[in-house]
Amino acid sequence: MSKLHSYQTHLTWKGNLGSGTSFYNSYKRDYAINAPGKPPIEGSSDPEFRGDGSRYNPEELLVAALSSCHMLWFLHLCAVSNIIVTAYEDNATGTMNENADGSGSFSEVVLHPVIYISGEINAAQLDSLHKEANQKCFIASSCNFPVRHMAEYKPS
């Protein structure tokens, strides 16, 4: 039996400089994302698309969502497999291809986790858990591009 989960956010555009979108250069791309009981996420477009580089852009948030969803599944799978992870960091990268008409799409995201393990490190088993985590990650399962991982394991 499947369960239905629902998520809600509220987005507010913060970029009206007085004349709205009267022309391409007349507005900022800034926005805020809110969810009940949580601090806002200040966003903008990528600076390449006239955004504020000090704010998160949608592309970074997509890569971060994939990285964090994968990590949470991997930690769960390690816990139920009696593997003790003591630290986890990921320098995830995403590649987006922009088309001549301004549209675009991601071609891949690569996760680069560095994982510290207490006890014996069985890289083959850990790689298998990454594969399973990728299959179970809700976000990765929703993407039409590959999400790969290139993990590094270190003793803690």
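The number of residues in the range 82-117 that are part of a loop (DSSP other than H, G, I, E, B) and either without any contact (Cβ under 8 Å) to a residue 24 or more places away in the chain or surrounded by fewer than 16 Cβ atoms within 10 Å (Cβ to Cβ) (or both) comes to 8. Under the condition of being in a loop (DSSP other than H, G, I, E, B) and closer than 25 Å to residue 59 by Cβ, the residues counted in the range 118-156 number 9. Residue pairs whose Cβ atoms lie under 9 Å apart, sitting 6 or more positions apart in sequence or on different chains, and linking a residue in the range 131-156 that is surrounded by 15 or more Cβ atoms within 10 Å (Cβ to Cβ) to a partner that is of a type in the set (Val, Ile, Thr) and in a loop (DSSP other than H, G, I, E, B), are 147/139; 153/121.
Within the range 1-20, residues that are of a type in the set (S, T, N, Q) sit with their Cβ atoms under 8 Å from residues that are outside any loop (DSSP other than H, G, I, E, B), at 6+ positions apart or across chains, in these pairs: 9/33; 9/34; 12/31; 12/32; 12/34; 16/27; 19/27. Residues of the range 73-84 include at least one that is assigned by TED's automatic domain parsing to the domain that holds residue 143, closer than 30 Å to residue 121 by Cα and touching an Asp or Glu at 6+ places or on another chain (Cβ under 8 Å). Only a single criterion out of (1) surrounded by 13 or more Cβ atoms within 10 Å (Cβ to Cβ); (2) in contact with a strand residue (DSSP E or B) (Cβ under 9 Å, 6 or more places away or on another chain); (3) more than 30 Å from residue 24 (Cα to Cα) is not satisfied by residue 79, namely (1). The number of residues in the range 40-71 being touching a helix residue (DSSP H, G or I) at 6+ places or on another chain (Cβ under 9 Å), more than 18 Å from residue 10 (Cα to Cα) and surrounded by 15 or more Cβ atoms within 10 Å (Cβ to Cβ) comes to 5.
The values are calculated or read from the model by the stated rules, or taken from the named source; none is laboratory data. Not measured: the values here are computed from a predicted model. No Cβ is skipped: glycine too gets one built from the backbone with ideal geometry, and neighbour counts run over all protein chains shown.
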